[in-house]
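The structure appears right after this line, and notes come after that.
The values are calculated or read from the model by the stated rules, or taken from the named source; none is laboratory data. In this text, all values refer to a predicted model and were calculated from it rather than measured experimentally. Quick reminder, even Gly has a Cβ in these numbers, built from the backbone with ideal geometry, and neighbours come from all protein chains shown. With ligands, DNA and RNA removed, areas are computed over all heavy atoms of the protein, side chains included. Shrake-Rupley method; radii C 1.70, N 1.55, O 1.52, S 1.80 Å.
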Amino acid sequence: MNLAPYPPPHAREAELDQLADRLRGELVTYGASVEGRPLRALRVPAAQPSAPKLVCGANIHGVEWIAGQVAHGLLHRLVAADPYQLRRRAELWVIPCINPDGHARTWQRQGRGSLPELRANAHGVDLNRNFPLPGGALPSRLPGAGSTIPGAPTYRGPAPLSEPETAALSALLTELRPHATANLHSFMGTLIPASVRDRPAYRVYRELCRAFADAQPSHRYRRLASRHFDVFTGEQEDHQHHALDGWALCVETFTVAASFRQHLRAPALFWRFNPRDPAPWIDNDVAGLFAYFDAALAHPRPSALAATERPSLRPSQKDL
Ligand SMILES: [Zn+2]
C-alpha cells in the first residue's frame, strides 16, 4: 500500500504491544471510540510509585500519522536509553492514537479525502475543539477557533466532551493529574503552549519551549504564543493547564516549507501532514520531548507557581 513507510493500523497496534513488553509497561484500555475501537495507553511505571506523571498523546487528528510515530519514537528511545533518567523520576503515559477511527479512515482511503473527512472522529467532530473552555470562557469567532457547523474542519461537536474519545481521555487525565503533557500534531513546525494570561506561567512556557527547541538536532521549532491575543478554542492544552493544573504543550511536527515541497509532488492530503521520510523528524522531536519533560519536572505545578510568585508581581515594578 502506498502510505509506506507508515505502518497500517494493525501493525501500529502490534508495535505498541511489543514496546509494552520491552519496557515492562502496562497497556491500559481507557475507553472505546465511536466505532468501537479500543482507546489504548501505555503506562511505563516509575521506580517510585509517588512519582509525578507525564503524558504524551498523539493523533487526535486522524490524518496526522507522524505524530503517533513520534510517540512511538519516544518509547523506542526509552528502550534504548533513558535520557535525563526520566523513568526514575516520573511515570510516563503514552497514548499514540487518540482518534483511532480517524486513523483507520485515513488508511481505508489511502490518505485521500478532504480535511474534515480525515481529521475528525466518526461523528465528524474535531476532537481538539471538543474540550471544555476554561473558566466558562465564551467560544471565539476567530478562524480555526472552532466551528458550530457540522462538516467544518474544526466542528466542535454538540457539547464539550460530547465524544467518547474526549470524554474517556478527560476522565483518564483527571484521574492521573499529569504534571506535564505533550500533545503531538503536524505539520506547522511550531510549539504551542496552553493559552495563559498570567506572567509567571507565560515565562515558564517560554523556558519549556526553549528547552525543547535547544535539544532538537536539526529543525528547531518556534514558539507560537501571546499573552494578549491567544483565545480559548476547546483545545486539549488549555483544558490540561487550566482544569487539570499541569504544563501542557502542543507540538506541531514537520515544517510548512518541507510539507509544501513534498506535497506538490504528491497531492494526496496524507503527504501534506506526514513526511516521506519520518525518521529524522522522529529523532528531532523525541529529543525535544525529553528535554521538555525534564524541564517541566523542575517547576512546580502552575497553581503552585502562581501562589509563590504573585506577591512579587506588583504592576509598578514589572510592567514599566
Ligand atoms: Zn492536529
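Is at least one residue of region 263-271 in contact with a strand residue (DSSP E or B) (Cβ under 6 Å, 6 or more places away or on another chain) and crowded, with 21+ Cβ neighbours inside 10 Å?
Within region 263-271, none of the residues are in contact with a strand residue (DSSP E or B) (Cβ under 6 Å, 6 or more places away or on another chain) and crowded, with 21+ Cβ neighbours inside 10 Å.
On the basis of being more than 15 Å from the ligand (Cβ to nearest atom) and buried (at least 18 other Cβ atoms within 10 Å of the Cβ), does ALA168 make the cut?
yes
With the condition being within 16 Å of the ligand (Cβ to nearest atom), I'd like the strands (runs of 3 or more DSSP E) fully within region 18-97 carrying at least 1 qualifying residues.
Where strands (runs of 3 or more DSSP E) fall fully within region 18-97 and carry at least 1 residues being within 16 Å of the ligand (Cβ to nearest atom), they are 53-58, 91-95.
Keeping to region 108-132, report how many residues are within 16 Å of the ligand (Cβ to nearest atom) and open to solvent by 40 Å² or more (accessible area, probe 1.4 Å).
3
Any idea which of GLY157, GLY135, GLY144 is small (Gly, Ala, Ser), open to solvent by 30 Å² or more (accessible area, probe 1.4 Å) and assigned to a loop (DSSP other than H, G, I, E, B)?
Result: GLY144 is the single residue among GLY157, GLY135, GLY144 that is small (Gly, Ala, Ser), open to solvent by 30 Å² or more (accessible area, probe 1.4 Å) and assigned to a loop (DSSP other than H, G, I, E, B).
When you look at LEU78, is it open to solvent by less than 70 Å² (accessible area, probe 1.4 Å) and farther than 20 Å from ASN183 by Cα, yes or no?
Spelling it out, it is not the case that LEU78 is open to solvent by less than 70 Å² (accessible area, probe 1.4 Å) and farther than 20 Å from ASN183 by Cα.
Note down all Cβ pairs under 8 Å where the first residue falls in region 63-80 and is over 21 Å from PHE187 (Cα atoms), the second is of a type in the set (Phe, Trp, Tyr) and surrounded by fewer than 24 Cβ atoms within 10 Å (Cβ to Cβ), and they're at least six residues apart or on different chains.
Pairs that qualify, where the first residue is over 21 Å from PHE187 (Cα atoms) and the partner is of a type in the set (Phe, Trp, Tyr) and surrounded by fewer than 24 Cβ atoms within 10 Å (Cβ to Cβ), are ARG77/PHE290.
Where residues in region 196-223 are of a type in the set (Ser, Thr, Tyr) and more than 16 Å from the ligand (Cβ to nearest atom), which of them is farthest from LEU54 (Cα to Cα)?
That would be SER218.
For residues in region 172-195 being in a loop (DSSP other than H, G, I, E, B) and surrounded by 20 or more Cβ atoms within 10 Å (Cβ to Cβ), which is nearest to the ligand (Cβ to nearest atom)?
PHE187
Find all pairs meeting these conditions: Cβ atoms under 8 angstrom apart; at least six residues apart or on different chains; first residue within region 24-46 and aromatic (Phe, Trp, Tyr); second residue surrounded by 18 or more Cβ atoms within 10 Å (Cβ to Cβ).
TYR30/LEU39; TYR30/ARG40; TYR30/ALA41; TYR30/ALA168; TYR30/LEU169; TYR30/LEU172
Considering only region 234-246, I want to know if a residue exists there that is within 19 Å of VAL63 (Cβ to Cβ), open to solvent by 10 Å² or more (accessible area, probe 1.4 Å), at pLDDT 90 or above and assigned to a loop (DSSP other than H, G, I, E, B).
Yes, because at least one residue in region 234-246 is within 19 Å of VAL63 (Cβ to Cβ), open to solvent by 10 Å² or more (accessible area, probe 1.4 Å), at pLDDT 90 or above and assigned to a loop (DSSP other than H, G, I, E, B).
Does region 110-128 contain at least one residue that is in contact (Cβ under 8 Å) with a residue 12 or more places away in the chain, assigned to a strand (DSSP E or B) and over 15 Å from the mean Cα position of the chain (by Cα)?
No: region 110-128 contains no residue that is in contact (Cβ under 8 Å) with a residue 12 or more places away in the chain, assigned to a strand (DSSP E or B) and over 15 Å from the mean Cα position of the chain (by Cα).
Is it fair to say GLY31 is closer than 20 Å to VAL79 by Cβ and surrounded by 16 or more Cβ atoms within 10 Å (Cβ to Cβ)?
No.
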